[in-house]
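Everything below concerns the one structure shown next.
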Amino acid sequence: MKFPDIKYLFEPKSIAVVGASHNESKIGYKILNNIKSSGFEGRIYPVNPQGGIILGIDVKKGISEIPENIDIAVISIPAKFVFDAVKDACSKKVKFLIIITSGFSEIGNIEEEKKIVDYARNHGARVLGPNIFGIYSGASPINATFGSEDISKGNVAIVTQSGALGIAMMGKTRSAHIGLSAMISVGNKSDVDESDLLDYLVQDKNTKVIMMYIEGIKHGEKLVAALKNATKKKPVIAIKSGRSKRGAMAAASHTGSLAGADSIFSDIMMQCGVMRAESIEEAFGWCNFLSTAPHPKGENTVIITNGGGIGVMAADACEKYGVRLYDDLNKLNTLFSGAIPSFGSSKNPIDITGGADKNQYMQALKVAFKDKAVDSIICIGCETAIFKGSSLFEMISQIEENKMCRKPIIYSFIGGPEFDAAISSLKMKKIPMYGDVYEAISAIGVL
Ligand code: ACO
(Lines give C-alpha, C1' and ligand atoms only; values in the text may rest on other atoms or scores of the structure.)
Protein backbone atom coordinates (compact mmCIF):
# COMPACT_ATOMS: atom_id res chain seq x y z
CA MET A 1 0.00 0.00 0.00
CA LYS A 2 1.32 3.43 -0.92
CA PHE A 3 0.65 5.96 1.80
CA PRO A 4 0.32 9.71 1.32
CA ASP A 5 3.32 11.97 1.77
CA ILE A 6 3.55 13.33 5.32
CA LYS A 7 3.57 16.85 3.88
CA TYR A 8 -0.23 16.67 3.45
CA LEU A 9 -0.55 16.58 7.22
CA PHE A 10 1.30 19.89 7.47
CA GLU A 11 0.19 21.49 4.22
CA PRO A 12 -3.36 20.31 3.43
CA LYS A 13 -5.49 21.91 0.77
CA SER A 14 -8.84 20.69 2.10
CA ILE A 15 -10.00 19.77 5.59
CA ALA A 16 -13.18 18.35 7.08
CA VAL A 17 -14.05 18.92 10.74
CA VAL A 18 -16.26 16.02 11.79
CA GLY A 19 -18.13 17.05 14.94
CA ALA A 20 -17.86 20.78 14.25
CA SER A 21 -20.20 21.97 16.95
CA HIS A 22 -22.76 24.77 17.07
CA ASN A 23 -21.88 25.11 20.73
CA GLU A 24 -19.01 27.56 21.29
CA SER A 25 -17.80 25.77 24.39
CA LYS A 26 -17.22 22.44 22.61
CA ILE A 27 -13.95 21.16 21.22
CA GLY A 28 -15.38 20.73 17.72
CA TYR A 29 -16.30 24.44 17.61
CA LYS A 30 -12.91 25.57 18.94
CA ILE A 31 -11.05 23.56 16.31
CA LEU A 32 -13.12 24.99 13.47
CA ASN A 33 -12.66 28.48 14.89
CA ASN A 34 -8.87 28.02 15.12
CA ILE A 35 -8.64 26.67 11.55
CA LYS A 36 -10.64 29.61 10.28
CA SER A 37 -8.73 32.26 12.19
CA SER A 38 -5.30 30.78 11.47
CA GLY A 39 -5.35 32.11 7.91
CA PHE A 40 -5.77 28.67 6.31
CA GLU A 41 -6.36 29.27 2.62
CA GLY A 42 -7.67 25.82 1.66
CA ARG A 43 -11.25 24.55 1.72
CA ILE A 44 -12.90 23.94 5.11
CA TYR A 45 -15.86 21.56 5.52
CA PRO A 46 -17.61 21.44 8.91
CA VAL A 47 -19.59 18.20 9.28
CA ASN A 48 -22.50 17.80 11.72
CA PRO A 49 -25.76 15.84 11.16
CA GLN A 50 -27.71 18.92 12.22
CA GLY A 51 -26.43 20.95 9.26
CA GLY A 52 -26.84 24.75 9.40
CA ILE A 53 -24.08 27.32 9.45
CA ILE A 54 -21.15 27.53 11.88
CA LEU A 55 -18.81 30.53 11.87
CA GLY A 56 -20.28 31.58 8.56
CA ILE A 57 -19.51 28.26 6.85
CA ASP A 58 -22.20 25.92 5.47
CA VAL A 59 -22.23 22.69 7.41
CA LYS A 60 -22.38 19.33 5.62
CA LYS A 61 -24.75 16.83 7.20
CA GLY A 62 -22.40 13.98 6.38
CA ILE A 63 -18.95 13.49 4.93
CA SER A 64 -20.58 12.11 1.76
CA GLU A 65 -21.92 15.63 1.00
CA ILE A 66 -18.41 17.04 0.65
CA PRO A 67 -17.95 17.76 -3.07
CA GLU A 68 -14.30 16.65 -3.33
CA ASN A 69 -11.76 14.25 -1.90
CA ILE A 70 -10.21 15.57 1.30
CA ASP A 71 -6.64 15.77 2.54
CA ILE A 72 -7.49 15.79 6.24
CA ALA A 73 -10.44 14.88 8.42
CA VAL A 74 -10.31 16.12 12.01
CA ILE A 75 -12.60 13.92 14.07
CA SER A 76 -14.07 15.25 17.30
CA ILE A 77 -17.05 13.06 18.14
CA PRO A 78 -17.51 10.46 20.89
CA ALA A 79 -15.40 7.28 20.56
CA LYS A 80 -18.30 4.98 19.66
CA PHE A 81 -19.01 6.97 16.48
CA VAL A 82 -15.41 7.38 15.31
CA PHE A 83 -15.09 4.16 13.30
CA ASP A 84 -18.08 5.01 11.08
CA ALA A 85 -16.74 8.51 10.53
CA VAL A 86 -13.38 7.03 9.54
CA LYS A 87 -15.11 4.76 7.01
CA ASP A 88 -16.94 7.76 5.54
CA ALA A 89 -13.75 9.82 5.39
CA CYS A 90 -11.96 6.97 3.61
CA SER A 91 -14.69 7.01 0.97
CA LYS A 92 -13.49 10.56 0.26
CA LYS A 93 -9.93 9.28 -0.12
CA VAL A 94 -8.84 11.12 3.02
CA LYS A 95 -5.05 11.21 3.41
CA PHE A 96 -4.76 11.88 7.14
CA LEU A 97 -7.24 11.36 9.96
CA ILE A 98 -6.63 13.54 12.99
CA ILE A 99 -8.55 11.79 15.75
CA ILE A 100 -9.00 14.09 18.74
CA THR A 101 -11.29 11.71 20.63
CA SER A 102 -10.16 10.01 23.85
CA GLY A 103 -11.33 6.64 25.06
CA PHE A 104 -9.19 4.18 23.11
CA SER A 105 -6.01 2.26 23.98
CA GLU A 106 -5.19 4.65 26.85
CA ILE A 107 -8.16 3.20 28.74
CA GLY A 108 -7.75 -0.34 27.46
CA ASN A 109 -10.01 0.05 24.40
CA ILE A 110 -7.23 -1.39 22.27
CA GLU A 111 -9.38 -3.39 19.84
CA GLU A 112 -11.41 -0.38 18.69
CA GLU A 113 -8.28 1.67 18.10
CA LYS A 114 -6.72 -1.18 16.11
CA LYS A 115 -9.90 -1.61 14.07
CA ILE A 116 -9.84 2.08 13.11
CA VAL A 117 -6.14 2.12 12.22
CA ASP A 118 -6.37 -1.12 10.23
CA TYR A 119 -9.34 0.19 8.26
CA ALA A 120 -7.66 3.52 7.57
CA ARG A 121 -4.37 1.96 6.51
CA ASN A 122 -6.11 -0.60 4.32
CA HIS A 123 -7.68 2.35 2.54
CA GLY A 124 -4.43 4.25 2.14
CA ALA A 125 -5.04 6.74 4.97
CA ARG A 126 -2.94 7.43 8.03
CA VAL A 127 -4.02 8.26 11.57
CA LEU A 128 -2.67 10.94 13.90
CA GLY A 129 -3.85 10.20 17.45
CA PRO A 130 -6.30 9.33 18.86
CA ASN A 131 -6.38 11.18 22.18
CA ILE A 132 -4.78 14.37 20.89
CA PHE A 133 -5.38 18.11 20.68
CA GLY A 134 -4.48 18.36 16.99
CA ILE A 135 -1.80 19.96 14.86
CA TYR A 136 -0.55 23.47 14.15
CA SER A 137 1.59 23.99 11.07
CA GLY A 138 3.14 27.34 10.23
CA ALA A 139 3.94 26.18 6.69
CA SER A 140 0.28 26.13 5.71
CA PRO A 141 -0.59 27.98 8.00
CA ILE A 142 -3.21 25.97 9.84
CA ASN A 143 -4.15 25.70 13.49
CA ALA A 144 -6.26 22.53 13.68
CA THR A 145 -6.07 22.31 17.48
CA PHE A 146 -8.21 23.25 20.42
CA GLY A 147 -5.24 25.07 21.94
CA SER A 148 -4.58 28.77 21.87
CA GLU A 149 -5.86 30.84 18.97
CA ASP A 150 -2.84 33.14 19.23
CA ILE A 151 0.35 31.51 18.09
CA SER A 152 3.49 33.40 17.40
CA LYS A 153 5.11 32.08 14.26
CA GLY A 154 8.76 31.11 14.37
CA ASN A 155 11.21 28.27 13.91
CA VAL A 156 10.70 25.85 16.80
CA ALA A 157 8.67 22.66 16.20
CA ILE A 158 7.25 20.81 19.19
CA VAL A 159 6.02 17.20 19.10
CA THR A 160 4.18 16.15 22.24
CA GLN A 161 2.74 12.93 23.52
CA SER A 162 0.82 14.72 26.26
CA GLY A 163 -2.23 16.72 25.22
CA ALA A 164 -2.85 19.05 28.13
CA LEU A 165 0.85 19.69 28.63
CA GLY A 166 1.15 20.33 24.91
CA ILE A 167 -1.61 22.91 24.98
CA ALA A 168 0.06 24.51 27.98
CA MET A 169 3.41 24.54 26.15
CA MET A 170 1.72 26.17 23.17
CA GLY A 171 0.63 29.00 25.47
CA LYS A 172 3.99 29.13 27.20
CA THR A 173 5.87 29.60 23.93
CA ARG A 174 4.19 33.01 23.77
CA SER A 175 5.25 34.08 27.25
CA ALA A 176 8.74 32.67 26.61
CA HIS A 177 8.90 34.61 23.29
CA ILE A 178 9.46 31.44 21.28
CA GLY A 179 8.01 31.30 17.78
CA LEU A 180 6.48 28.04 16.57
CA SER A 181 6.90 26.45 13.16
CA ALA A 182 4.76 23.45 14.15
CA MET A 183 3.09 21.86 17.14
CA ILE A 184 1.93 18.27 16.86
CA SER A 185 0.07 16.21 19.42
CA VAL A 186 0.72 12.47 18.93
CA GLY A 187 -1.24 11.04 21.88
CA ASN A 188 -1.65 7.26 21.58
CA LYS A 189 0.57 7.11 18.46
CA SER A 190 -1.64 4.44 16.94
CA ASP A 191 -0.04 5.05 13.53
CA VAL A 192 1.79 8.35 12.88
CA ASP A 193 4.59 8.73 15.41
CA GLU A 194 7.58 10.94 16.10
CA SER A 195 9.65 9.31 13.34
CA ASP A 196 7.10 10.17 10.62
CA LEU A 197 6.94 13.74 11.85
CA LEU A 198 10.73 14.06 11.99
CA ASP A 199 10.86 13.12 8.30
CA TYR A 200 8.87 16.26 7.52
CA LEU A 201 10.35 18.59 10.14
CA VAL A 202 13.93 17.84 9.16
CA GLN A 203 13.37 19.19 5.66
CA ASP A 204 10.93 21.95 6.66
CA LYS A 205 12.66 25.26 5.98
CA ASN A 206 10.66 27.00 8.71
CA THR A 207 11.92 24.64 11.42
CA LYS A 208 15.31 25.30 12.99
CA VAL A 209 14.94 23.42 16.28
CA ILE A 210 12.85 20.34 17.14
CA MET A 211 11.64 19.66 20.66
CA MET A 212 9.86 16.47 21.73
CA TYR A 213 7.97 15.53 24.87
CA ILE A 214 7.99 11.71 25.10
CA GLU A 215 6.44 9.32 27.60
CA GLY A 216 7.11 6.06 25.83
CA ILE A 217 8.45 4.73 22.54
CA LYS A 218 6.71 2.15 20.38
CA HIS A 219 9.06 1.61 17.44
CA GLY A 220 12.54 2.11 18.84
CA GLU A 221 14.62 1.25 15.78
CA LYS A 222 12.55 3.47 13.52
CA LEU A 223 12.89 6.37 15.95
CA VAL A 224 16.65 5.91 16.30
CA ALA A 225 17.09 6.03 12.52
CA ALA A 226 14.89 9.13 12.21
CA LEU A 227 16.69 10.90 15.06
CA LYS A 228 20.15 10.11 13.71
CA ASN A 229 19.11 11.57 10.39
CA ALA A 230 17.45 14.63 11.98
CA THR A 231 20.32 15.59 14.28
CA LYS A 232 22.73 15.72 11.34
CA LYS A 233 20.73 18.69 10.14
CA LYS A 234 18.95 20.27 13.10
CA PRO A 235 19.18 20.28 16.89
CA VAL A 236 16.70 17.96 18.56
CA ILE A 237 15.79 18.35 22.23
CA ALA A 238 13.87 15.66 24.12
CA ILE A 239 12.09 15.66 27.42
CA LYS A 240 11.35 12.11 28.49
CA SER A 241 9.13 11.69 31.50
CA GLY A 242 8.36 8.51 33.40
CA ARG A 243 11.93 8.34 34.69
CA SER A 244 11.00 7.18 38.16
CA LYS A 245 8.99 4.10 39.11
CA ARG A 246 5.93 6.16 40.01
CA GLY A 247 6.38 8.38 36.95
CA ALA A 248 6.45 5.29 34.71
CA MET A 249 3.21 4.04 36.30
CA ALA A 250 1.61 7.44 35.66
CA ALA A 251 2.75 7.36 31.99
CA ALA A 252 1.20 3.90 31.56
CA SER A 253 -2.22 5.18 32.59
CA HIS A 254 -1.87 8.52 30.78
CA THR A 255 -1.00 7.47 27.23
CA GLY A 256 -0.68 3.73 27.69
CA SER A 257 3.11 4.10 27.38
CA LEU A 258 5.75 1.73 28.59
CA ALA A 259 8.43 4.04 29.91
CA GLY A 260 11.31 1.51 29.81
CA ALA A 261 14.65 1.84 31.57
CA ASP A 262 15.57 5.48 31.81
CA SER A 263 19.32 5.00 31.55
CA ILE A 264 18.86 3.09 28.28
CA PHE A 265 16.76 5.94 26.90
CA SER A 266 19.44 8.47 27.90
CA ASP A 267 22.23 6.45 26.29
CA ILE A 268 20.29 5.99 23.06
CA MET A 269 19.43 9.68 22.88
CA MET A 270 23.09 10.53 23.37
CA GLN A 271 24.09 8.14 20.56
CA CYS A 272 21.52 9.83 18.32
CA GLY A 273 22.87 13.30 19.14
CA VAL A 274 19.67 14.33 20.90
CA MET A 275 19.94 16.73 23.84
CA ARG A 276 17.89 15.56 26.77
CA ALA A 277 16.36 18.29 28.93
CA GLU A 278 15.22 17.70 32.50
CA SER A 279 12.35 20.15 32.48
CA ILE A 280 10.20 22.28 30.21
CA GLU A 281 11.95 25.37 31.55
CA GLU A 282 15.32 23.97 30.53
CA ALA A 283 14.08 22.80 27.12
CA PHE A 284 12.53 26.21 26.41
CA GLY A 285 15.74 27.96 27.46
CA TRP A 286 17.66 25.84 24.96
CA CYS A 287 15.07 26.29 22.19
CA ASN A 288 15.19 30.03 22.67
CA PHE A 289 18.93 30.21 22.15
CA LEU A 290 19.27 27.50 19.48
CA SER A 291 16.53 29.04 17.38
CA THR A 292 18.32 32.38 17.18
CA ALA A 293 22.06 31.68 17.46
CA PRO A 294 24.30 31.16 14.44
CA HIS A 295 26.46 28.07 14.30
CA PRO A 296 29.84 28.65 16.00
CA LYS A 297 32.98 28.18 13.89
CA GLY A 298 34.82 26.52 16.75
CA GLU A 299 34.69 26.00 20.48
CA ASN A 300 36.75 28.91 21.86
CA THR A 301 34.51 30.92 24.16
CA VAL A 302 35.15 34.08 26.15
CA ILE A 303 33.28 35.35 29.17
CA ILE A 304 32.96 39.13 29.46
CA THR A 305 31.80 40.34 32.86
CA ASN A 306 31.73 43.37 35.12
CA GLY A 307 31.52 41.10 38.19
CA GLY A 308 34.29 38.80 39.41
CA GLY A 309 31.97 36.50 41.38
CA ILE A 310 29.56 35.90 38.56
CA GLY A 311 32.55 35.36 36.30
CA VAL A 312 33.77 32.58 38.61
CA MET A 313 30.30 31.01 38.59
CA ALA A 314 30.27 31.21 34.81
CA ALA A 315 33.66 29.49 34.61
CA ASP A 316 32.30 26.68 36.84
CA ALA A 317 29.20 26.41 34.66
CA CYS A 318 31.38 26.19 31.54
CA GLU A 319 33.19 23.21 33.02
CA LYS A 320 29.89 21.58 33.98
CA TYR A 321 28.34 22.01 30.52
CA GLY A 322 31.46 21.31 28.45
CA VAL A 323 31.97 24.85 27.16
CA ARG A 324 35.63 25.36 26.25
CA LEU A 325 37.05 28.65 27.49
CA TYR A 326 39.70 30.18 25.26
CA ASP A 327 42.90 29.86 27.25
CA ASP A 328 45.78 31.37 25.27
CA LEU A 329 46.63 33.85 28.01
CA ASN A 330 49.15 35.82 25.94
CA LYS A 331 46.70 36.27 23.09
CA LEU A 332 43.90 37.16 25.53
CA ASN A 333 46.12 39.77 27.13
CA THR A 334 47.10 41.26 23.78
CA LEU A 335 43.47 41.36 22.69
CA PHE A 336 41.78 42.71 25.78
CA SER A 337 44.39 44.69 27.75
CA GLY A 338 43.33 47.93 26.06
CA ALA A 339 39.69 47.32 26.97
CA ILE A 340 40.05 46.63 30.70
CA PRO A 341 41.37 48.68 33.61
CA SER A 342 44.80 47.81 35.08
CA PHE A 343 43.08 46.13 38.05
CA GLY A 344 40.84 44.02 35.79
CA SER A 345 41.64 40.61 34.34
CA SER A 346 42.09 39.33 30.83
CA LYS A 347 42.48 35.72 31.91
CA ASN A 348 38.99 34.69 30.71
CA PRO A 349 36.66 35.52 32.38
CA ILE A 350 37.52 38.93 30.96
CA ASP A 351 36.71 41.05 34.01
CA ILE A 352 36.15 44.69 33.09
CA THR A 353 35.29 45.24 36.81
CA GLY A 354 32.39 46.87 38.65
CA GLY A 355 33.36 50.39 37.59
CA ALA A 356 32.69 49.64 33.93
CA ASP A 357 30.01 51.57 32.09
CA LYS A 358 28.21 50.71 28.87
CA ASN A 359 31.02 52.07 26.70
CA GLN A 360 33.65 49.96 28.42
CA TYR A 361 31.46 46.86 28.02
CA MET A 362 31.10 47.68 24.34
CA GLN A 363 34.83 48.17 23.93
CA ALA A 364 35.57 44.67 25.28
CA LEU A 365 32.69 43.12 23.36
CA LYS A 366 33.81 44.66 20.07
CA VAL A 367 37.21 42.99 20.48
CA ALA A 368 35.46 39.63 20.92
CA PHE A 369 33.12 40.28 17.98
CA LYS A 370 36.07 41.02 15.72
CA ASP A 371 38.86 38.62 16.58
CA LYS A 372 38.89 35.27 14.78
CA ALA A 373 40.28 33.45 17.82
CA VAL A 374 36.95 33.93 19.59
CA ASP A 375 34.11 31.64 18.45
CA SER A 376 31.38 32.33 21.04
CA ILE A 377 30.75 34.98 23.69
CA ILE A 378 29.19 34.77 27.13
CA CYS A 379 28.18 38.31 28.07
CA ILE A 380 27.23 38.48 31.73
CA GLY A 381 27.09 41.03 34.46
CA CYS A 382 25.65 42.64 37.55
CA GLU A 383 23.66 45.82 38.10
CA THR A 384 25.75 48.67 39.50
CA ALA A 385 25.16 52.39 39.91
CA ILE A 386 27.27 52.82 36.78
CA PHE A 387 25.76 50.00 34.72
CA LYS A 388 22.01 50.32 35.27
CA GLY A 389 18.97 48.80 33.60
CA SER A 390 18.90 51.57 30.97
CA SER A 391 22.58 50.85 30.07
CA LEU A 392 21.83 47.13 29.75
CA PHE A 393 18.81 47.76 27.54
CA GLU A 394 20.63 50.22 25.28
CA MET A 395 23.75 48.08 24.98
CA ILE A 396 22.01 44.85 24.00
CA SER A 397 19.49 46.60 21.73
CA GLN A 398 22.39 48.29 19.92
CA ILE A 399 24.26 44.97 19.48
CA GLU A 400 21.22 43.04 18.28
CA GLU A 401 19.51 45.68 16.16
CA ASN A 402 22.71 46.54 14.33
CA LYS A 403 23.68 42.87 14.04
CA MET A 404 27.08 43.76 15.47
CA CYS A 405 27.87 40.18 16.47
CA ARG A 406 27.98 37.41 13.88
CA LYS A 407 28.94 34.79 16.46
CA PRO A 408 26.83 33.07 19.12
CA ILE A 409 26.45 35.44 22.06
CA ILE A 410 24.48 34.66 25.18
CA TYR A 411 23.40 37.18 27.81
CA SER A 412 22.86 36.67 31.52
CA PHE A 413 22.42 39.63 33.85
CA ILE A 414 21.47 39.89 37.48
CA GLY A 415 20.12 42.85 39.41
CA GLY A 416 17.03 44.53 40.87
CA PRO A 417 13.69 45.63 39.43
CA GLU A 418 15.24 48.08 36.94
CA PHE A 419 17.42 45.32 35.52
CA ASP A 420 14.51 42.89 35.46
CA ALA A 421 12.43 45.43 33.54
CA ALA A 422 15.25 45.88 31.01
CA ILE A 423 15.55 42.08 30.65
CA SER A 424 11.77 41.78 30.06
CA SER A 425 11.88 44.51 27.42
CA LEU A 426 14.76 42.77 25.65
CA LYS A 427 12.86 39.46 25.75
CA MET A 428 9.90 41.24 24.14
CA LYS A 429 12.25 41.90 21.22
CA LYS A 430 12.80 38.12 21.03
CA ILE A 431 16.36 38.39 22.35
CA PRO A 432 17.11 35.37 24.55
CA MET A 433 18.00 36.69 28.02
CA TYR A 434 18.86 34.58 31.03
CA GLY A 435 18.69 35.59 34.68
CA ASP A 436 20.76 32.66 35.87
CA VAL A 437 24.25 32.13 34.56
CA TYR A 438 23.98 28.31 34.75
CA GLU A 439 20.83 28.40 32.63
CA ALA A 440 22.58 30.56 30.02
CA ILE A 441 25.71 28.45 29.90
CA SER A 442 23.77 25.19 29.66
CA ALA A 443 22.20 26.66 26.48
CA ILE A 444 25.55 27.59 24.95
CA GLY A 445 26.86 24.16 25.98
CA VAL A 446 24.01 22.53 24.08
CA LEU A 447 24.82 24.66 21.01
N1 ACO B 1 -20.58 13.26 12.50
C2 ACO B 1 -20.51 14.59 12.64
N3 ACO B 1 -20.92 15.22 13.75
C4 ACO B 1 -21.39 14.49 14.75
C5 ACO B 1 -21.47 13.08 14.67
C6 ACO B 1 -21.02 12.48 13.48
N7 ACO B 1 -21.06 11.15 13.32
N8 ACO B 1 -21.97 12.63 15.82
C9 ACO B 1 -22.18 13.70 16.60
N10 ACO B 1 -21.85 14.84 15.96
C11 ACO B 1 -21.91 16.20 16.40
C12 ACO B 1 -22.81 16.40 17.59
O13 ACO B 1 -24.14 16.60 17.20
C14 ACO B 1 -22.19 17.62 18.23
O15 ACO B 1 -22.64 18.80 17.62
P16 ACO B 1 -23.50 19.92 18.44
O17 ACO B 1 -22.68 20.31 19.62
O18 ACO B 1 -23.69 21.01 17.46
O19 ACO B 1 -24.77 19.24 18.86
C20 ACO B 1 -20.74 17.48 17.93
O21 ACO B 1 -20.63 16.56 16.86
C22 ACO B 1 -19.92 16.93 19.07
O23 ACO B 1 -20.51 15.74 19.55
P24 ACO B 1 -20.86 15.53 21.10
O25 ACO B 1 -21.61 14.24 21.22
O26 ACO B 1 -21.48 16.73 21.66
O27 ACO B 1 -19.43 15.29 21.70
P28 ACO B 1 -18.54 16.24 22.60
O29 ACO B 1 -18.13 17.45 21.86
O30 ACO B 1 -19.15 16.43 23.92
O31 ACO B 1 -17.28 15.28 22.79
C32 ACO B 1 -15.10 14.69 22.12
C33 ACO B 1 -16.56 14.81 21.69
C34 ACO B 1 -14.55 16.07 22.44
C35 ACO B 1 -14.30 14.12 20.99
C36 ACO B 1 -15.02 13.79 23.38
O37 ACO B 1 -15.60 12.55 23.10
C38 ACO B 1 -13.59 13.52 23.80
O39 ACO B 1 -12.97 12.54 23.43
N40 ACO B 1 -13.04 14.45 24.62
C41 ACO B 1 -11.63 14.35 25.04
C42 ACO B 1 -10.74 15.01 24.01
C43 ACO B 1 -9.34 15.08 24.53
O44 ACO B 1 -9.12 15.41 25.67
N45 ACO B 1 -8.36 14.70 23.68
C46 ACO B 1 -7.08 14.40 24.24
C47 ACO B 1 -5.96 15.26 24.21
S48 ACO B 1 -6.01 16.88 24.67
C49 ACO B 1 -5.91 16.99 26.33
O50 ACO B 1 -5.51 16.08 26.97
C51 ACO B 1 -6.28 18.28 26.92
Taking the alpha carbon gyration tensor of the range 165-265, what are the square roots of 5 times its eigenvalues, largest first, to the nearest whole Å? 23, 18, 12
With +1 at each Lys and Arg Cβ and -1 at each Asp and Glu Cβ, the charge dipole magnitude of the range 288-447 around its Cα centre, to the nearest 20 debye, comes out at 540 debye
Net charge near TYR438, counting Lys/Arg +1 and Asp/Glu -1 over other residues with Cβ under 11 Å of its Cβ? -3
Hits among aspartates and glutamates - C-alpha to C-alpha of LYS429 under 12 Å, sequence gap 8 or more where chains match: GLU400, GLU401
Taking the square root of 5 times each eigenvalue of the Cα gyration tensor, what semi-axes in Å does the equivalent ellipsoid of the range 346-447 have, largest first? 19, 16, 14
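Could you tell me the relative contact order of the range 6-140? Use alpha-carbon pairs under 8 Å, at least six residues apart, and round to a whole percent.
Relative contact order of the range 6-140: 24 percent.
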Average Cα contact separation per residue, the chain, under 8 Å, 6 or more apart, as relative contact order %: 11 percent
Run through the DSSP bridge list for the range 1-126 and note the antiparallel percent, rounded to the nearest 5. 10 percent
Rounded to whole Å and sorted largest first, what semi-axes of the equivalent ellipsoid does the C-alpha gyration tensor of the chain yield via the square root of 5 times each eigenvalue? 48, 23, 17
Note the per residue figure in Å³ for the convex hull of the C-alpha positions in the range 151-191. 53 Å³
DSSP-defined beta bridges in the chain - what % are antiparallel, rounded to 5: 15 percent
Kindly identify the range 146-224 as rounded, prolate or oblate by the Cα gyration tensor criterion: order the square roots of the eigenvalues as a ≥ b ≥ c, call it rounded if a/c is under 1.5, otherwise compare a/b with b/c, prolate if a/b is larger, else oblate. oblate
If one takes the longest principal axis of the Cα atoms in the chain, at what angle in degrees, from 0 to 90 and to the nearest 10, does the Cα axis of helix 437-446 lie? 70 degrees
Range of Cα positions in the range 292-343 per principal axis (Å), largest first: 33, 25, 22
Per residue, how many Å² of accessible area does the chain show with a 1.4 Å probe? 43 Å²
Between LYS13 and ALA225, 0.36 nm times their residue separation minus their Cα-Cα distance comes to what? 73.3 nm
Can you bin every Cα-Cα distance in the range 56-162 into 5 Å intervals starting at zero and give me the percent of pairs per bin, rounded to whole numbers? 2, 11, 21, 22, 20, 13, 9, 2
If the convex hull is drawn through the Cα atoms of the range 1-128, its volume per residue in Å³: 102 Å³
Fraction of accessible area attributable to carbon and sulfur, the chain (%, probe 1.4 Å): 51 percent
Distribution output for the range 251-388: share of Cα-Cα pairs per 10 Å bin in percent, first bin at 0, values 11, 33, 28, 15, 9, 4, 0
Please give, to one decimal in nm, the separation of the simple spin-label points placed at LYS153 and LYS232, each 7 Å out from Cα toward the Cβ. 3.1 nm
Filter on LYS26/LYS114; LYS228/LYS331; LYS26/LYS234; LYS245/LYS427; LYS240/LYS358 - keep pairs with C-alpha separation over 32 Å: LYS228/LYS331; LYS26/LYS234; LYS245/LYS427; LYS240/LYS358
At what distance in nm do the modelled label points of SER37 and GLU65 sit from each other, each positioned 7 Å from its Cα along Cα→Cβ? 2.6 nm
Calculate the dipole size of the range 120-202 relative to its Cα centre from +1 charges on Lys and Arg beta carbons and -1 charges on Asp and Glu beta carbons; express the result in debye to the nearest 20. 120 debye
If a paramagnetic tag sat 7 Å from the Cα of ALA385 along the Cα-Cβ line, which residues of the range 344-366 would have the backbone N under 15 Å from that point? 354-357
Full extension from ASP436 to LYS205: what is 0.36 nm times the residue separation minus their Cα-Cα distance, to one decimal in nm? 80.0 nm
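The values are calculated or read from the model by the stated rules, or taken from the named source; none is laboratory data. It should be emphasised that the depicted structure is a prediction, and the values quoted were computed from it without experimental measurement. When we count neighbours, we look across all protein chains shown, and the Cβ atoms used for this are built from the backbone with ideal geometry, even at glycine. Note: accessible area is taken over every heavy atom of the protein model, side chains too, but ligands, DNA and RNA are not part of it. Shrake-Rupley method; radii C 1.70, N 1.55, O 1.52, S 1.80 Å.
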